[in-house]
Amino acid sequence: MILDPFLSDLLRSLLSTRSVAALATLHDGRPCASMVPFVATMHHGRLRFVIHVSGLAAHTRDMRSVADVCLLITSPESPDVPPQALPRVSIVGRAEFIAGEHPDRPSLKAAYVAKFPEAVDLFEFADFSVVAIEPASARFVAGFARAMTLSADALVAAASDSGA
């Protein structure tokens, strides 16, 4: 599916301006959601959502056990928009733990720290990991009765226009 310019702009806005997402993982075989700061980044044509997680967090252990995850990014609430009409995107993907020697780690860390400069000191803690989530598909809701399923390629096309 190719998005029209309005929908592309709306999706790009969600990916580039929002700073937190709900991260859904499987915890002991049951769904569990957490809040995570994230940054969307394009590198060599690949869209990835970067999170920085503590080994003490249940969602970190969950992702190490089952790499399939889902991120939900929503527009802020507004008194002018009913909750059901809030734009949002639910991104299904796989979590990859990026080791210290991984060639992409410096650029992923730089993208994360650029968005969250207060997190720079957390990179010194040994129990924190950089995780890159590569999307497989997305469900984009642009408003009430305006839902669509997007391929990973459509999501990449929308994000790449933003300089994410």
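Just so you know, all these numbers are worked out from the coordinates, no wet-lab data involved. Since the model is a prediction, treat every value here as computed from it, not as a measurement. Glycine gets a Cβ as well: all are built from the backbone with ideal geometry, and neighbour counts include every protein chain shown.
Per-residue Karplus couplings for region 113-129, computed as 6.51 cos²θ - 1.76 cosθ + 1.60 with θ equal to phi - 60°, are listed in order as 5, 4, 7, 10, x, 5, 8, 4, 5, 5, 6, 7, 7, 5, 7, 8, 10 Hz, Gly and Pro entered as x. For the pair residue 121 and residue 43, label points projected 7 Å from Cα toward Cβ lie 2.5 nm apart. Secondary-structure-derived ellipticity at 222 nm for the chain, considering helices only, amounts to -7500 deg cm²/dmol, per-run term -39500 (n - 2.57) for DSSP H runs with n ≥ 4.
In a DSSP loop and with at most 13 other Cβ atoms within 10 Å, the GluC sites (Glu not before Pro) in region 100-164 are 101. Phi angles of region 145-155 translate, via the Karplus equation with coefficients 6.51, -1.76, 1.60 and θ = phi - 60°, into HN-Hα couplings of 6, 10, 9, 8, 9, 10, 6, 4, 4, 5, 5 Hz per residue; Gly and Pro are given as x. Modelled this way, with points 7 Å down the Cα-to-C-beta line, the labels at residue 61 and residue 148 are 4.1 nm from one another. Ranking 112, 79, 136 by Cα position along the charge dipole of the chain, where only Lys, Arg, Asp and Glu carry charges on their C-beta atoms, puts 136 farthest toward the positive end. Label 7 Å along Cα→Cβ of residue 84; region 121-158 residues with amide nitrogen under 12 Å? Those under the cut-off are 144-146. Over all pairs of different C-alpha atoms in the chain, the reciprocal of the mean inverse distance, the Kirkwood hydrodynamic radius, equals 16.2 Å.
The label point for residue 16 and the one for residue 97, both projected 7 Å from the Cα toward the Cβ, are 3.4 nm apart.
If you average the C-alpha positions of region 27-75 and of region 78-116 separately, how far apart do those two centres end up, in angstrom? Region 27-75 and region 78-116 have Cα centres separated by 8 Å.
Take 73-85, 15-27 and order them by the average number of nearby Cβ atoms within 10 Å per residue, most first; the result is 15-27, 73-85. For region 75-81, putting each phi into the Karplus relation 6.51 cos²θ - 1.76 cosθ + 1.60 with θ = phi - 60° gives couplings of 5, x, 5, 9, x, 8, 10 Hz, in residue order, rounded to whole numbers and with x for Gly and Pro.
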